[in-house]
Amino acid sequence: MLNNSFRFTPHITLEFKIEEKDFFIASESASRIKKTLQQLGIKQDIIKRTAIIIYEAAMNVAIHAIHGALKVYVDPEVISVVTEDVGPGIENVELAMKEGYSTAPQEIREMGFGAGMGLPNIKQCSDELVIDTKIGEGTTLKAKIYLNKNHE
Amino acid sequence: MTEYFHSVRLDFEKCKGCTNCIKRCPMEAIRVHEGKATIMQERCIDCGECIRACPNHAKISVTDTLDILNDYKYRIALPAPSFFAQFKEVENVECVLHALLNIGFDDVFEVALAAEVVGFLIHQYIKDNKIKKPVFSSACPAVLRLMQIKYPDLLEQVAPVLTPMEVAARMAKEDAMKKTGLSYEDIGAFFISPCPAKVTEMRNPMNTKHSAVNGVIGVSLIYKDIIKQILAIKSKKNEDYEKLHKATGLGMAWGYVTGESKNVDMGKALAVSGIHNVISLLEEIERGELKDVDFFELQACTGGCVGGPLNIHNLFVGRVRLRELIKKCGIQAPYYTDKQLIDLYKRAHFEATEPIKPKTIMHLDEDMSQAILKLEQVDKIASELPGLDCGACGSPNCRALAEDIVRGVAFETDCVIKLREKVKTLAEEILDLARIVPPSMGDSSKKIEEK
C-alpha cells in the first residue's frame with residue numbers, strides 16, 4: 001500500500017491569472033486548455049464539458065471578483081478546475097445555483113454576460129462541485145470531471 | 001485511392017522555402033524543412049489559405065483537366081454560382097452557359113438550381129425539427145473537414161443534406177438519362193470549381209458513399225476559352241439560342257456568404273466567412289454560446305465561394321457582379337414547383353447516407369499517461385524557446401516547434417536564436433581554452449609579483 005501511494009501519476013497543471021473585468025481571459029484559457037486536452041487524446045464530450053466549466057468559472061471571477069486565478073489539473077483519471085478569487089463572495093449559494101438568478105451589474109448584462117447561467121452550467125457539466133465562499137473575502141470553486149465515468 | 005487525397009499541393013520547383021504559408025495555415029499543417037514546404041496530409045483541410053499566402057505561387061490546387069471529358073459519351077458542366085461573377089462582359093447567365101457548351105460540354109446544369117433544392121430541404125429539416133439545433137450548413141467541405149478534426153462533437157448538427165454540387169450532378173444525370181437514353185455510366189458530370197476542397201470532396205466524399213461528380217475542373221483552367229466563346233456568341237447577336245438558364249436569384253445568391261441563409265430562410269441565421277473567423281465562432285459555439293441561433297452558414301473563404309482561391313477576380317469585384325446577376329435572375333420564376341420540392345424532401349432523395357466521422361489526429365500519444373509526459377516536455381521546451389514565433393525554424397510558432405521536437409521531427413537547434421546561444425557558449429569556451437597557455441610559456445612577471 002505504501003508503495004502504491006508513492007506511485008507517480010503523470011499529470012499536468014495549467015494556470016491563468018484573472019484580473020477584474022478581463023472578459024477575454026475566460027475564452028482564451030478555455031481554448032488553450034481545449035487544445036491541450038485534444039493533444040492528450042481526451043474524449044470530445046469531456047473536453048466540451050471542461051471548456052464550459054473553465055469559461056463560466058473564469059467569467060464569474062472576471063465579472064464579480066477583484067482578481068483571482070484559474071488552475072486546471074489533469075491526470076489520466078480526473079480533470080479538476082479550480083478558481084480562487086478575492087472578491088465579494090456569494091451571499092446565497094443555493095440561489096446562485098438557480099438558472100436565471102444573477103447578481104451581475106446592469107452594465108455587464110448589457111454586454112451580454114451575467115445571464116445567471118454560469119453556476120447552473122458548471123454544475124451540469126461537472127461530476128463534483130464544491131464552492132467555498134466567505135462574504136467580503138472571496139470564493140473558491142472546485143469542479144471535478146472523471147475521465148472514466150459516465151456523466152449523467 | 002490513398003487515405004489522404006488532397007487537391008492543395010506544393011509546386012516543388014517554385015517553393016523558395018519562405019515561411020509565409022506556415023503562419024497562415026489554420027491547422028498548423030505546414031512545415032518548411034530543407035528549404036521546401038511540406039504539407040502534413042492528415043491535417044490539411046484544403047481551405048486554400050496557403051495558396052493565397054504564397055508569394056511565389058508554389059501552392060497549387062490540382063484539379064481535373066478537360067481531357068477527362070473524353071471518357072464519357074455525354075458530358076454535363078456544373079458551373080458554380082460564383083463562376084458567373086468572373087466575367088466583365090456578361091449581362092446574362094445564358095451567354096456563359098452557351099460558352100460552356102461551345103468548349104466541349106453537351107449540356108449544362110446550374111449548381112445554383114440545385115442549391116435552391118438544398119436550401120428548401122434544409123428549411124424543411126429545421127422546420128420539422130429533424131436535426132438538433134443549431135443546424136450547420138453542409139455546403140463548405142473545408143469547414144466540415146475542420147470540424148472533423150477540431151470540433152467533432154458538433155458534427156451531428158450538420159444538415160444531413162448533400163452539397164449543391166452533389167445534388168446538381170445527380171439531378172443533371174437523371175435528366176440526361178431521360179433525354180438521351182444513355183446509361184448512368186456513360187454520362188459524366190463536371191463541376192466548374194472555385195474551390196480546391198471540392199476536388200478532395202469528390203474523391204473522398206464525407207456524407208455519401210460515392211460522389212456522382214466525375215470530375216472537378218478549376219475555373220482558371222477554362223477561363224480563357226470561355227471568354228473567347230462569350231465574345232463569339234455576343235458577335236452573333238441575332239441567333240436564337242435554346243434557353244438553358246433556370247436558376248433564380250435565390251440560388252445564385254449562394255455564391256456569396258449569407259446567400260445560403262437567405263435561401264434556407266428558417267429562424268435566426270448567422271453567416272460567417274473566412275476560415276479564421278469560422279474557427280473563433282466555432283470556439284464560441286462549442287462553449288455552448290449562441291444558443292439562440294437556428295442555422296449557421298460557415299464558409300472557409302472570405303466572402304464565400306466568390307472568394308474561392310481558383311476564381312479569377314477579386315472577391316469584392318465578384319460580389320458586385322454577382323449582386324447584379326442575382327437581381328436579374330430574381331425576375332425568373334422558380335423552376336421547381338413547391339410540390340416537386342416537397343416530393344423530393346419526402347423521398348429523402350438527396351439525404352446524406354454516411355455520418356461525417358470525427359478524426360482524432362491532434363493527440364501526442366495513444367496512451368494518455370505518455371501523452372501527459374510528452375506534453376510536459378513540450379511545455380518545458382516551449383518555455384525555453386525565445387517566444388518570437390518567427391518561423392525561421394520551419395514550424396509556425398515556438399510552441400509548434402516544441403511539439404515537433406517531442407514528436408521527433410525537429411531539433412532544438414532548428415531555432416536560430418537557440419543555435420546562436422549555443423555558438424556563443426561554444427565560442428566563449430574556445431576563447432577560454434585559447435587563453436590557457438602551457439606552463440613553460442607562463443608569464444614570469446606574475447610569478448614575481450605573487451612572491
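The values are calculated or read from the model by the stated rules, or taken from the named source; none is laboratory data. As the structure is a prediction and not an experimental result, all values here were calculated from the model. For neighbour counting, all protein chains shown are included, and Cβ atoms are generated from backbone atoms with ideal geometry for every residue, glycine included.
Could you check the stretch B:257-274 and list, in sequence order, the residues that are of a type outside the set (S, T, N, Q) and surrounded by fewer than 24 Cβ atoms within 10 Å (Cβ to Cβ)?
B:K262, B:D265, B:M266, B:G267, B:K268, B:A269, B:L270, B:A271, B:V272, B:G274
Let's see how each residue does on (1) more than 26 Å from B:D379 (Cβ to Cβ); (2) crowded, with 17+ Cβ neighbours inside 10 Å; (3) within 14 Å of chain B (Cβ to nearest Cβ):
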site: A:Q38; (1), (2), (3): no, yes, yes
site: A:A65; (1), (2), (3): yes, yes, no
site: A:V86; (1), (2), (3): yes, no, no
site: A:V93; (1), (2), (3): yes, no, no
site: A:G100; (1), (2), (3): yes, no, yes
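Please find, within the stretch A:102-137, the residue that is nearest to the other protein chains (Cβ to nearest Cβ) out of those that are part of a strand (DSSP E or B) and under 24 Å from A:R49 (Cβ atoms).
Top of the filtered list is A:L129.
In the stretch B:345-381, how many residues are within 12 Å of another protein chain (Cβ to nearest Cβ) and not in a loop (DSSP other than H, G, I, E, B)?
Looking only at that region, the number is 13.
Would you say B:I187 is touching a Pro at 6+ places or on another chain (Cβ under 6 Å) and closer than 21 Å to B:A247 by Cβ?
No: the conditions fail for B:I187.
So which residues in the stretch B:382-392 are within 14 Å of chain A (Cβ to nearest Cβ) and either closer than 30 Å to B:T208 by Cα or part of a loop (DSSP other than H, G, I, E, B) (or both), if there are any at all?
Residues satisfying the conditions do not exist here.
Listed here are the residues, each with its yes/no results for (1) away from chain B (no Cβ under 11 Å); (2) at pLDDT 90 or above; (3) surrounded by fewer than 18 Cβ atoms within 10 Å (Cβ to Cβ).
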| site | (1), (2), (3) |
| --- | --- |
| A:N4 | yes, no, yes |
| A:A30 | no, yes, no |
| A:I47 | no, yes, no |
| A:T50 | no, yes, no |
| A:L70 | yes, yes, no |
| A:V81 | yes, yes, no |
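Out of (1) without any contact (Cβ under 8 Å) to a residue 60 or more places away in the chain; (2) more than 14 Å from every other protein chain (Cβ to nearest Cβ), the odd one out for B:C329 is which?
In the conditions (1) without any contact (Cβ under 8 Å) to a residue 60 or more places away in the chain; (2) more than 14 Å from every other protein chain (Cβ to nearest Cβ), B:C329 misses (1) alone.
If a residue has to be crowded, with 24+ Cβ neighbours inside 10 Å and either closer than 14 Å to B:R52 by Cα or β-branched (V, I, T) (or both) to count, how many in the stretch B:292-304 make the cut?
Going through the stretch B:292-304 one residue at a time, the tally reaches 2.
Specify which of the listed residues (B:A169, B:A176, B:A115) is modelled with pLDDT of 95 or more, assigned by TED's automatic domain parsing to the domain that holds B:D225, of a type in the set (A, V, I, L, M) and in contact with a Pro (Cβ under 6 Å, 6 or more places away or on another chain).
After ruling out the rest, the residue left standing is B:A115.
Name the one entry in A:E137, A:E84, A:E128, A:E107 that is out of contact with any helix residue (DSSP H, G or I) (no Cβ under 6 Å at 6 or more places or on another chain) and more than 22 Å from A:F23 (Cα to Cα).
Exactly one residue qualifies, and that residue is A:E128.
Out of the residues in the stretch B:1-41 that are part of a loop (DSSP other than H, G, I, E, B) and within 14 Å of the chain's Cα centre (by Cα), which is nearest to B:G308 (Cα to Cα)?
B:S7
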